[in-house]
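Since every read-out is calculated from the coordinates, none of them should be taken as a lab result. Please read these numbers as outputs of a predicted model, since none were measured by experiment. Ideal geometry is used to build each Cβ from the backbone, glycine not excepted, and the neighbour counts take in all protein chains shown.
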Amino acid sequence: MASVGDWEFPRSFQPKAENYAYDLERALDAVVSLHAIVPSDAFTAEILGTERAGNGVFIRDGVVLTIGYLITEAETVWLTLNNGKSVQGTVLAYDQETGFGLVQALGRVGVDPLPIGSSADAKVGDPVVIGGAGGRRHSLVARVVARQEYAGYWEYLLDEAFFTAPAHPNWGGTAMIGPAGELLGIGSLQLQQASERKGAAEHLNMMVPIDLIKPILDSLLTTGRSPHPPRPWLGLYASEVENHIVIVGMSQKGPAAKADLRTGDVVVAVGGAEVDNLGDLFRRIWATGDAGVDVPMTISREGRVFDVHVASTDRNRLLKGPTLQ
């Protein structure tokens, strides 16, 4: 993941104030740099590291919305405004289901929040600004190139995510800004896909739609948790390989490892229903009940097919939780 430095986009890629009906500079001032420090004994430290850098967006007075993996289990968070001022923050919440995270600035910032828009109104082909910390020089004119399901190997699924191009190199926590200067999404990943138009792989950003935060925002701000019951988590990493769902890794402390599932196992079915893709796998796991339920799975291993019950858990129980101040 790239960090904000002295680089800048070529001017032809940068948004120009005269092309927008809203105050571009004010909108981009709401996007800030975020630096998080995570304890070395944190559950996510081995995979995500102990220092994480990206972006965040002020959506309320002092409240920053970002992509959650930047701040999961963080004990220290610093926010740097576009005027160079830095202020410490504290983690308010991380929602496993959407992937969003919230940070509260612990000092006065004097930044106007970016209004929350309606991501449901954004269409494929629409122009957007991908706002990064550092203002126009670190922001990008882009377009929505797809709206489709996204399944992440770490038991993550969005029914419909945004994909934008060209890609922003410091994608984590960037702001997808719509035609009225409203926030439509938050940057999560950079991906590659084949492009017939370009004749080569095209880099895209995956954006989490802002509409997903609306039903849970008040609960995240007041309790640090979504109002929804936690989903069952197995601690497995899965991938689609030659029309099969293959376990490609596992959390050493997770339920899948405790149930003696192994790398290379093929998931044939969940609850007696065959699974054809990652989204199907996760939906069937979550349909078995809330976190803590035993998940019945059919596994193929080296030519042998057998059934196993995996005692799921709430992933949040393994994480160092945020401290509300």
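Obtain the nm distance between the two label points defined at K214 and W154 by a simple spin-label model: each point lies 7 Å from its Cα along the Cα-to-C-beta direction.
2.8
Going by a ≥ b ≥ c, the root eigenvalues of the Cα gyration tensor, does the stretch 63-182 fall in the rounded group (a/c under 1.5), the prolate group (a/b larger than b/c) or the oblate group?
Cα axes put the stretch 63-182 in the oblate bin.
List the relative contact order of the stretch 236-318 as a percent without decimals, with contacts defined as Cα pairs under 8 Å and 6+ residues apart.
Once normalised by length, the contact order is 25 percent.
Going by how many other beta carbons lie within 10 Å of each one, how would you line up I37, I186, fewest first?
By the 10 Å Cβ count, ascending, the order reads I37, I186.
Provide the packing ranking of 121-134, 241-254, i.e. peptides ordered by the mean count of other C-beta atoms within 10 Å per residue, highest first.
Details: 121-134: 19.9, 241-254: 15.2.
The packing order, highest mean first, is 121-134, 241-254.
For a test of the definition: using alpha carbon positions, the gyration tensor, and the 1.5 limit on a/c, classify the stretch 213-280 as rounded, prolate or oblate.
prolate
How high is the relative contact order of the chain, in percent, with contacts defined as C-alpha pairs under 8 Å that are six or more residues apart?
16
May I ask you to list the lysines whose Cα is less than 19 Å away from that of K123, ignoring any residue fewer than eight positions away on the same chain?
none
Across bins of 5 angstrom width beginning at 0, how are the C-alpha pair distances of the stretch 1-122 distributed, in whole percent?
2, 11, 19, 21, 19, 14, 9, 3, 1, 0
Relative contact order for the stretch 96-200: what percent, with Cα pairs under 8 Å and sequence separation of 6 or more?
Relative CO of the stretch 96-200 lands at 25 percent.
May I ask you to derive the FRET efficiency for K258 and A200 from their Cβ-Cβ distance with R0 = 56 Å, giving the value to the nearest 0.05? Before the final figure, lay out each step's value.
Working: r = 43 Å, r/R0 = 0.78.
FRET efficiency, K258 to A200: 0.80.
Please get the size of the charge dipole for the chain, origin at its Cα centre, with Cβ charges of +1 on Lys and Arg and -1 on Asp and Glu, quoted in debye to the nearest 20.
540
Say the dipole of the stretch 236-318 comes from +1 at the beta carbon of Lys and Arg and -1 at that of Asp and Glu; which of V246, A259, V270 then lies farthest toward its positive end?
So the residue we want is A259.
Provide D29, D260 in ascending order of the number of other Cβ atoms located within 10 Å of each residue's Cβ, fewest first.
Arranged by neighbour count, lowest to highest, D29, D260 become D260, D29.
With the Cα gyration tensor of the stretch 119-211 giving a ≥ b ≥ c as the square roots of its eigenvalues, does the rule (a/c under 1.5 for rounded; else a/b larger than b/c for prolate; else oblate) give rounded, prolate or oblate?
Note, shape of the stretch 119-211 comes out rounded.
Quick one: divide the alpha-carbon radius of gyration of the chain by 2.2 N^0.38 Å and tell me what you get.
1.02
May I ask you to order 264-277, 160-173 by the average number of other C-beta atoms within 10 Å around their residues, highest value first?
The packing order, highest mean first, is 160-173, 264-277.
Please report the net charge: other residues with Cβ closer than 9 Å to the Cβ of A165, K and R +1, D and E -1. Kindly include the intermediate steps, with their values, before the conclusion.
Numbers: positive: R143; negative: E202.
Residues near A165 contribute 0 overall.
Taking the Cα-to-Cβ direction at R147 and at V248 and moving 7 Å from each Cα, how far apart do the two end points lie in nm?
Computed distance between label sites R147 and V248 equals 2.9 nm.
What's the exposure ranking of Y237, Y156, going from fewest to most Cβ atoms within 10 Å?
Going from sparsest to densest Cβ surroundings: Y156, Y237.
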